[in-house]
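Participant: Below is the structure I would like to discuss, written out as structure tokens.
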Amino acid sequence: MANDNGLVDEYEKLQNLKNELDEKIENLKKDIVNLSIEKNTNVLFGVKKKCSIKEYIKVIYPEDKTKIIEIIKNRGFYERFSSINYLKLGSAIVKNEVDYEIQNLIKKDKAFRLSLLDI
């Protein structure tokens, strides 16, 4: 098949459209936030919907989290703030690197990931 029935081209087209829409949505969100600040309000109205704008504090962690983890462990908070890394656990399960008891608790299913590459 020369162009695989146009499926790859259609997929690429829709991915590009999705990326454009995501960028437009982000810009629109910024404009809405700026307008709400300008109007000193946390609600803006459209014809059919209203938009509630809520400010919150976003926590930005350092790239190297070693020091934070060390402090959390030393203070005895590690169990409270740590969680399972499902990505790493999933990889270990697929590679059969976990024991039988864990394998019996999960199920495996086939899935597909698509990647677009230039030709």
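The values are calculated or read from the model by the stated rules, or taken from the named source; none is laboratory data. Since the structure is predicted, the reported quantities are computational estimates derived from the model, not experimental observations. We place every Cβ from the backbone using ideal geometry, glycine too, and count neighbours over all the protein chains shown.
Participant: Starting from segment 69-81, take each residue that is in contact (Cβ under 8 Å) with a residue 60 or more places away in the chain and list its partners that are surrounded by 11 or more Cβ atoms within 10 Å (Cβ to Cβ) and β-branched (Val, Ile, Thr), counting only C-beta distances under 6 angstrom and pairs at least six apart or across chains.
Facilitator: If the second residue must be surrounded by 11 or more Cβ atoms within 10 Å (Cβ to Cβ) and β-branched (Val, Ile, Thr), no pairs are left.
Participant: Being surrounded by fewer than 11 Cβ atoms within 10 Å (Cβ to Cβ), under 30 Å from Val8 (Cβ atoms) and either without any contact (Cβ under 8 Å) to a residue 40 or more places away in the chain or under 20 Å from the mean Cα position of the chain (by Cα) (or both) is the requirement here; does Asp118 meet it?
Facilitator: yes
Participant: Residues that are of a type in the set (D, E, K, R) and at pLDDT 90 or above: list the helices (runs of 4 or more DSSP H) wholly contained in segment 54-119 that include at least 3 such residues. Don't jump to the end; show me each part of the working.
Facilitator: Numbers: elements: 66-74, 78-81, 86-94, 100-103.
Output list reads 66-74.
Participant: Scan segment 39-46 and tell me whether some residue there is more than 23 Å from the chain's Cα centre (by Cα), assigned to a helix (DSSP H, G or I) and exposed (fewer than 10 other Cβ atoms within 10 Å of the Cβ). Even if it seems obvious, please write down each step before you answer.
Facilitator: First, the residues of segment 39-46 that are more than 23 Å from the chain's Cα centre (by Cα): 39-46.
From the residues that got through so far, the ones that are assigned to a helix (DSSP H, G or I) too are 39.
Within this subset, residues satisfying the condition of being exposed (fewer than 10 other Cβ atoms within 10 Å of the Cβ) are none.
Among the residues of segment 39-46, not one is more than 23 Å from the chain's Cα centre (by Cα), assigned to a helix (DSSP H, G or I) and exposed (fewer than 10 other Cβ atoms within 10 Å of the Cβ), which makes the answer no.
Participant: Out of (1) closer than 29 Å to Lys65 by Cα; (2) exposed (fewer than 10 other Cβ atoms within 10 Å of the Cβ), the odd one out for Gly90 is which?
Facilitator: Only one criterion in (1) closer than 29 Å to Lys65 by Cα; (2) exposed (fewer than 10 other Cβ atoms within 10 Å of the Cβ) is unmet by Gly90, namely (2).
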